[in-house]
Structure formats: C-alpha cells, structure tokens
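Structure record follows, encoded as structure tokens.
The values are calculated or read from the model by the stated rules, or taken from the named source; none is laboratory data. Keep in mind that this is a model prediction, so the values were computed, not measured. Cβ sites come from the backbone with ideal geometry, for glycine too, and all protein chains shown count toward neighbours. We work out accessible area using only protein heavy atoms, side chains counted, and drop any ligands, DNA or RNA first. Shrake-Rupley method; radii C 1.70, N 1.55, O 1.52, S 1.80 Å.
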Amino acid sequence: MGKPEFIGKKSKAAGGWGALRSCGKKLLASGAPLSGAVAMLKANQPDGFDCPGCAWGDPEHGSSFEFCENGVKAVAWEATDKRVGPDFFARHTVSQLRTWTDYELEQQGRLTHPLRYDASKDTYVKATWDEAFAEIGGILKGLDSPDRAEFYTSGRASNEAAYLYQLFVRLYGTNNFPDCSNMCHEASGIALEAAVGIGKGTVTLEDFEKADAIFVIGQNPGTNHPRMLGDLRRAALRGARVAVFNPVREKGLERFADPQDKLEMLTGGSTAIASEYYQVNVGGDMAAIRGMAKAVFAADDAALSEGRPSVLDHGFLRQHTSGLAEYRAAVEATSWELIEHQSGLSRSQLEHLAQIYIESDRTICTWAMGVTQHRHSVATIREIASFMFLRGNVGRPGTGLCPVRGHSNVQGDRTVGINEKPPAAFLDALEKELGVAMPRRHGHNVLAAIGAMLDGTAQAFIGLGGNFARATPDSALIAKAMRRQKLTVNIATKLNHSHLLPGEVSYVLPCLGRTEIDRNAKGVAQIVTVEDSMSMVHGSGGINKPASPELRSEVGIIAGIAAATVGSEVVDWPSLAQNYDGIRDLIARTIPGFHGYNERVRRPRGFRLYNAVDHRVWNTATQRATFSSDALPRATEHQQALGEQGLFVLQTFRSHDQYNTTVYGLDDRYRGIYGERRVVFVNPDDLAEIGASAGDRVDIIGRHDDGHERIAESFRVVPYDLPRGSVAGYYPELNVLVPLSTAGELSDTPTSKSVLVSFRPALQRDAA
Ligand code: SF4
C-alpha cells in the first residue's frame, strides 16, 4: 500500500526558498499581497511595528529584512482583506460555527463591529460601543464580589493595554489575572526568581555572538522563533557548539538556509545548526542536565587528582553562590542508572556533552515548552541554572539563561502588572499614586480561574486577546466553564472558538491589530511598547489602514469598560486613551526601571530594562545565586509509558503553519505533513503495539485516572523519528486530552508535554 496522501517530503532545510514560497502564498491568500509586502519592510524596524509573532529580539544593527516566514504569516493574517461583520453572522448561527475547525474560522477574516450575542437567534448582532461598555460595566458592578470575574490576558497585549487593564481590574477590586504565561513560561519565572533573583532571561542578542557553546533544550525555534535560527547559524559558522536536547528531530535545528545569504540561496545550500543532537526522553531534560553535572564534578576530581586546574569557576562559586555542597551531594546521590533510564541518553553521551561544556568559556542555555510543560519543570530549570553556575555562566558576556518566550509581549505583560500574585511593593506604589487601597488577596491563575468558572464561583470572563477555550487544557470542560458565565467578553481581531461559547450575555469587541495605525481623536498616531525575551523594551507604531472604521485600540476598549465599571474619578481613562504617554508616565512612576520611559522608548530599538544579573547582583532569598538540590522525579510519564504495554506519553506541539492557537494553514512541511492536522506521530517500532499502520485512523484515549473520559477521535498515524513510548501531535486539537487535574509543581502549568494516552482503532472512519 502506497504512502498516505497527506505524508510527503520533508524540507531539506528550514528557511530557504521554501520559506519565501510560503511567504508569497500567505501574502497572496491575504488578498493584499502588495500592502502586505510593503508592511513587512517596517516589521521590527525602529520606525515600524513590532511583529505580532514571537518574542525573539531585534538586533541593534538589524537589516532591512528583520522578519521571518512566521512574521509574514502573522502580518498577512492581520492585513487580510476578508471581513467578519454583522452580515456574516446573519448567515451563520453560533452553533453551526462551533462545528468549524480553527483553520476555517481563522480564514473568515477581521472582525469589523462590536457584536452582542442574541440567544433568540443564536448568533451575534451588531451593537454600539456605548451599549457594550454600559452593559458590561453594569453586569460587573452587579456581581456580589469582584472576585467573581476573571480577567484573561494574551501575550499580544501591549505594555500600555496590559498596564491599563491591571489598573482597571485592581481598582475594580480583584487580582484574578489568568494569563497565557501561566500555560507557557510560568515555571521559568518561578525557577529563575529562586535561582538568580529575577523571573526573566539574563541574555542579550549580543551574547549569542560571543558564546562558545549554546545548549538548546526542549525548543523548536525553526517554527516558534525562526529568526533565532539566524543567530544560531552565525554561532555555528564561527565554530560555536550548538547542542540540542529534543525528543523530536526538528528540521530547523538540523539545517537552515538563510534567505538573506545569497550564496546559500543561489546554490540551494544550507548550514548545519546542531553540532550535537540528542533525542532525550520526554521530560528527561532534568536527568540529562544532572548527568552532565555529574560528569563535570567527576572531570574536576580527575583534573585535581592529576594536578590540572579545576574545571569549576571557584571564584564565582565562592563569591556569588550558595548551596553548592547540597547540590553536589544531590548530584552524587543520583545514580547513573536512573539518569540514563530517565534521560534516555547514555553515560558516555552525557560525558561528551559535559566535555563540550568544560571546553567552552562562555555558555548559554535556551529553552521553551519542552522544558516548561511538565510536572517537574521548575526543578528542571533550577537544575539548568545550577549546572550553569558551575563554570560561572551567568552575568557575564556570552553566557546566560534564556527562556525564549512564545508571544511578542508575554514578558512585558507580567512586567507591567499582569500577575495574580502581585508584589507588595507594586501595590504600595499604586496606592501611593492613586490614593486608594489595592486588593491584596492573591487572585486566580489560569487553572484556578477555570476551576472557579466550572464550580460557579466565577460568573464573568473578560478576554484581552487570545483564544482561551482553545489554548487551555481539557477542552470539553472549558466549553462548559465558558457557557456557565453570566458574562463573556472577548477583545479580538479575528473570529475564534472562544467567541462561540457565549455566556448569558456575550460581547465580541473588535480591536486594532499591531500593524494598524492607532490615531487618537486629534488624528495623532500613537505608539505602543513591548518587551522581548531579552528584556528590550521598544516602540511599535502601526502602518496599515485599520480593517474597519469601527475598530478601537485595546487601550481604548479597556478605557471604555473601565469608565463604565469603576468611573473616572480616580483614573481619567478617556485622557489616557487619547495619549499613551500618560500611561507610560504612570508606569514610570509605579514600576522600577521605566524612568524616562517616553523619551527612552523613542530611541531606535528602545532600551533594556535593568537586569541585576548583568551586574551579578542576586535578589534571591540568600542574596546569592542559589543552587537547588532537588531529587530527580521518581519516574516521568515517559518511564511509566515504557513500563506498560499500550501506554504512551503524548506531547502536544505546533505545526509549522500555526502560531499558538492560530492556524494559518494545514501544512507542516518541515515534518512532511500536507493538508492534514488530525495526525499523531508515532515511532515506527511502536506501530505494532498500537496495531496501526501509516495513515490509519485511531482514537487517542486519555489515561489520566481522574474520573473524566477524554478521547481525541479519528487521528491519522504518521511513523516518525521519536523515542519509543512517546507520541506527538498538534494543539489545540489534542488539548482535549490534557487533564486540568495534572499541572506543574509550583507553576500550575498544564502538563501538555507529558500526557498519558493509549490507542484504539477509530470508531468513526471520517474526521470527528
Ligand atoms: S522571529 Fe518571531 S518576532 Fe521575529 S519575525 Fe519571526 S515571528 Fe516575528
């Protein structure tokens, strides 16, 4: 039997002509190819707009083409000439639209008018902004406690929108701030705060030009942070070692053809990125790092016993760290047998990687969801930091810890106050500024918000961007939670599934996109600001004509809801909405590091927020860089799966034609998938255990024993190079299998990378 029609050739390398062809296709599909192409020349430029894609940094002296294929998709997606307005909803009921796929909904175009759900017609009808603000404000005021409302933030919100949102919500009286970082880098923030005293990365883009070794852990930059491949390629070309830990062989980490390199483009050439590529077991990164540390300590003993210099940075360890002895004891107490079994890597492989680390004077570790979406993610990231302390690889040029953020301003949103556990100092500053008391009780993160929405404690959901119902786990339970609300409000640019789960009263409020000009009443174009993974804060000013004259900016919408809910006596929302400099002045007065905000953000490329680690100042409990001595988990889900016939550990990930829950297309050319999203990648040697062949349809059964049945129906099997016992597939389709009941220790992040599942032949022949 031939190869199933949807399985095709994988690209030879990431980037290259394939990327340009894909950009061309997306621009043409947007219906505005010319304006889209022109807009790209302003992407990530000092006088342009910040790409609404990921949070990779912009080089000090960038080129005129500072964008990648996924940046083009994000901009073309926003600049589409397709529209979703009252007439669209006159033709479709919400129940009908709920049966559409994410891709089909995204293809409908930009929202054009404020919309109110009309239950009698089961569809959305046009509303006015004033009606919307008044009714939303009325319902919020009518709740018997502000803690009955959940205020969600997606990482696309600008600093100005996020700051105004937190100001409104805290004046309203709650800290219920579920936000998308709860589902992505929450573990990074918690671990880094404890280890180095700041919940952010410590590297700059320039550090990538100086590093001798870069460890890329649980990350797929080729799809999720494509311009990072440029930095890795330059490092590889100058001889730096790029060592990869990833259960999946990702094309972008194997070879990259830089579209800006004429020779590679003319010759069809490409550059090898990874010098070492290890397919670690799912959730096995902590064991792998622990193994490398064990090898470093052994190498140090050998060196000292042979009278050679120590391989450890004793100056740094003595002067700047605490807990080394406890860490060393924990490492030595960890057996090679457990390390090899849990990591899936051999002792000699880990000793080889340790040697690369020892031979490198300047090392960087980068990571993403492959590290942060497990039960033991906080411990894993503490382990990465502890390993890096051994040779003083933090707080000096060419070194550091780099959690690479997925959404363009997810880090900025946390910096300006989107935090259900706000620091007391921040609340003190707000109280001093506003002269009114701020809520001190900690609020809800994503999991707590969902719990409250399910058990009826919460009665209102406000979404500042995002696609809450698709980004969160346990999709069937989320749908119930949303429909139980008295009020649901979604501020968005395009139609998505969350809008189709209306509460009793439901509004969809269309906002300007990042690429669109945001003029105030005087016609003055306003800028917003964002913060990338390197703590660089820079300005962004739209250049495209808004998709509809009815659109309002995120700031304008928040100001309207705030004025209708808490009044404008304490905060003059309308004037702040007319001049964002006022919001930035408020930020400068209430958050350290933003002094002279309005002047500094207008400098080309903006400014880097103060990071104490740059100065080797550690705002930790010990005022020192702090080792951890956590034990490895007794058993990961992957080990469990390897120990039971028919049990597998599933990781969810993105295709190359998707950005978070936004599905731009149905292809995943780096993995050789075309026109299909309901696929499950399986190691060829596991097919027999599943009882399926390539292309067969299977149902995937959730195996977390918490009383909820979870089934993902009719997925097609794809034989793929993965560790035995592990399988993989796309979210949001597979989020139906991710249980709310399992979450990261301390982080409460859903464990989307380690979900226990089994298989059965599909009961339904065609796609569910
Ligand atoms: S790397 Fe990220 S920020 Fe840069 S252009 Fe691509 S998607 Fe946008």
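In table form, for the structure just shown:
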{"read-out": "Subset of the stretch 541-563 that is part of a loop (DSSP other than H, G, I, E, B) and hydrophobic (A, V, I, L, M, F, W, C) - its residue that is surrounded by the fewest Cβ atoms within 10 Å (Cβ to Cβ)", "value": "Ile543"}
{"read-out": "Some residue of the stretch 606-627 being within 16 Å of the ligand (Cβ to nearest atom), in contact with a strand residue (DSSP E or B) (Cβ under 9 Å, 6 or more places away or on another chain) and more than 20 Å from Met369 (Cα to Cα)", "value": "yes"}
{"read-out": "Of all residues in the stretch 376-409 being open to solvent by 10 Å² or more (accessible area, probe 1.4 Å) and within 16 Å of Met183 (Cβ to Cβ), the one that is nearest to the chain's Cα centre (by Cα)", "value": "Gly406"}
{"read-out": "Among (1) open to solvent by 20 Å² or more (accessible area, probe 1.4 Å); (2) in contact with a helix residue (DSSP H, G or I) (Cβ under 8 Å, 6 or more places away or on another chain); (3) of a type outside the set (Ser, Thr, Tyr) - the single one Gly523 does not satisfy", "value": "(2)"}
{"read-out": "Index of the failed condition, Ala132 passing every other in (1) open to solvent by less than 10 Å² (accessible area, probe 1.4 Å); (2) assigned to a loop (DSSP other than H, G, I, E, B)", "value": "(2)"}
{"read-out": "Flag for Val94 being among the β-branched types (Val, Ile, Thr) and either within 16 Å of the ligand (Cβ to nearest atom) or on the phi > 0 side of the Ramachandran plot (or both)", "value": "no"}
{"read-out": "Test set (1) more than 17 Å from Gly222 (Cβ to Cβ); (2) without any contact (Cβ under 8 Å) to a residue 24 or more places away in the chain; (3) part of a helix (DSSP H, G or I) - Arg21 fails condition number", "value": "(1)"}
{"read-out": "Selection from the stretch 460-501 of residues that are small (Gly, Ala, Ser), surrounded by 24 or more Cβ atoms within 10 Å (Cβ to Cβ) and without any contact (Cβ under 8 Å) to a residue 40 or more places away in the chain", "value": "Ala469, Ala481, Ser498"}
{"read-out": "Members of the stretch 502-517 that are charged (D, E, K, R) and either touching a Pro at 6+ places or on another chain (Cβ under 9 Å) or buried (at least 24 other Cβ atoms within 10 Å of the Cβ) (or both)", "value": "Arg514, Glu516"}
{"read-out": "Enumeration of residues in the stretch 46-63 that are over 23 Å from Gly201 (Cα atoms), within 14 Å of the ligand (Cβ to nearest atom) and surrounded by fewer than 24 Cβ atoms within 10 Å (Cβ to Cβ)", "value": "Gly48, Ser63"}
{"read-out": "Selected residue (criterion: nearest to the ligand (Cβ to nearest atom)) from residues of the stretch 232-261 that are within 20 Å of Pro59 (Cα to Cα), among the charged types (D, E, K, R) and open to solvent by 30 Å² or more (accessible area, probe 1.4 Å)", "value": "Arg234"}
{"read-out": "Selection count, the stretch 58-78, where residues are in contact with a Lys or Arg (Cβ under 8 Å, 6 or more places away or on another chain), of a type in the set (A, V, I, L, M, F, W, C) and part of a helix (DSSP H, G or I)", "value": "3"}
{"read-out": "Ala452 vs. criteria aliphatic (A, V, I, L, M) and within 20 Å of Tyr507 (Cα to Cα)", "value": "no"}
{"read-out": "Test: residue in the stretch 145-156 that is out of contact with any strand residue (DSSP E or B) (no Cβ under 9 Å at 6 or more places or on another chain), more than 20 Å from Ala460 (Cα to Cα) and touching a residue at least 12 places away in the same chain (Cβ under 8 Å)", "value": "no"}
{"read-out": "Residue list for the stretch 148-182, restricted to those being part of a helix (DSSP H, G or I) and of a type in the set (Lys, Arg)", "value": "Arg148, Arg170"}
{"read-out": "Breaking point among (1) open to solvent by 10 Å² or more (accessible area, probe 1.4 Å); (2) within 16 Å of the ligand (Cβ to nearest atom); (3) in contact with a Leu (Cβ under 7 Å, 6 or more places away or on another chain), for Lys42", "value": "(3)"}
{"read-out": "Residue selected from the stretch 413-459 under the condition closer than 20 Å to Trp573 by Cα, of a type in the set (Val, Ile, Thr) and open to solvent by less than 10 Å² (accessible area, probe 1.4 Å), by the criterion farthest from the chain's Cα centre (by Cα)", "value": "Val416"}
{"read-out": "Asp87 farther than 30 Å from Glu131 by Cα, surrounded by fewer than 16 Cβ atoms within 10 Å (Cβ to Cβ) and more than 16 Å from the ligand (Cβ to nearest atom)", "value": "no"}
{"read-out": "Filtered residue count, the stretch 183-231, keeping only those that are away from the ligand (no atom under 16 Å from the Cβ), part of a helix (DSSP H, G or I) and open to solvent by 10 Å² or more (accessible area, probe 1.4 Å)", "value": "8"}
{"read-out": "So Asp258, is it under 30 Å from Val757 (Cα atoms) and in contact (Cβ under 8 Å) with a residue 60 or more places away in the chain", "value": "no"}
{"read-out": "Test: residue in the stretch 141-154 that is touching a His at 6+ places or on another chain (Cβ under 8 Å), closer than 22 Å to Gly465 by Cβ and within 16 Å of the ligand (Cβ to nearest atom)", "value": "yes"}
{"read-out": "Among the residues listed as Met534, Met482, the single one being touching a Leu at 6+ places or on another chain (Cβ under 7 Å), in a loop (DSSP other than H, G, I, E, B) and within 28 Å of His185 (Cβ to Cβ)", "value": "Met534"}
{"read-out": "Residue count, the stretch 232-251 (criterion: farther than 17 Å from Gly284 by Cβ and assigned to a strand (DSSP E or B))", "value": "2"}
{"read-out": "Residue in the stretch 27-38 that is under 19 Å from Pro546 (Cα atoms) and surrounded by 24 or more Cβ atoms within 10 Å (Cβ to Cβ) present", "value": "yes"}
{"read-out": "Condition check for Asp81: assigned to a loop (DSSP other than H, G, I, E, B), more than 22 Å from Glu554 (Cβ to Cβ), open to solvent by 10 Å² or more (accessible area, probe 1.4 Å) and away from the ligand (no atom under 16 Å from the Cβ)", "value": "yes"}
{"read-out": "Residues of the stretch 611-628 satisfying the condition of being on the phi > 0 side of the Ramachandran plot and open to solvent by 60 Å² or more (accessible area, probe 1.4 Å)", "value": "Gln623"}
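A quick yes/no check of all residues on (1) in the same structural domain as Arg703 (by TED's automatic domain parsing); (2) under 28 Å from Lys25 (Cβ atoms):
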site	(1), (2)
Asn611	no, no
Asn619	no, no
Ser628	no, no
Leu632	no, no
Gln651	yes, no
Gln658	yes, yes
Gly665	yes, yes
Ile673	yes, yes
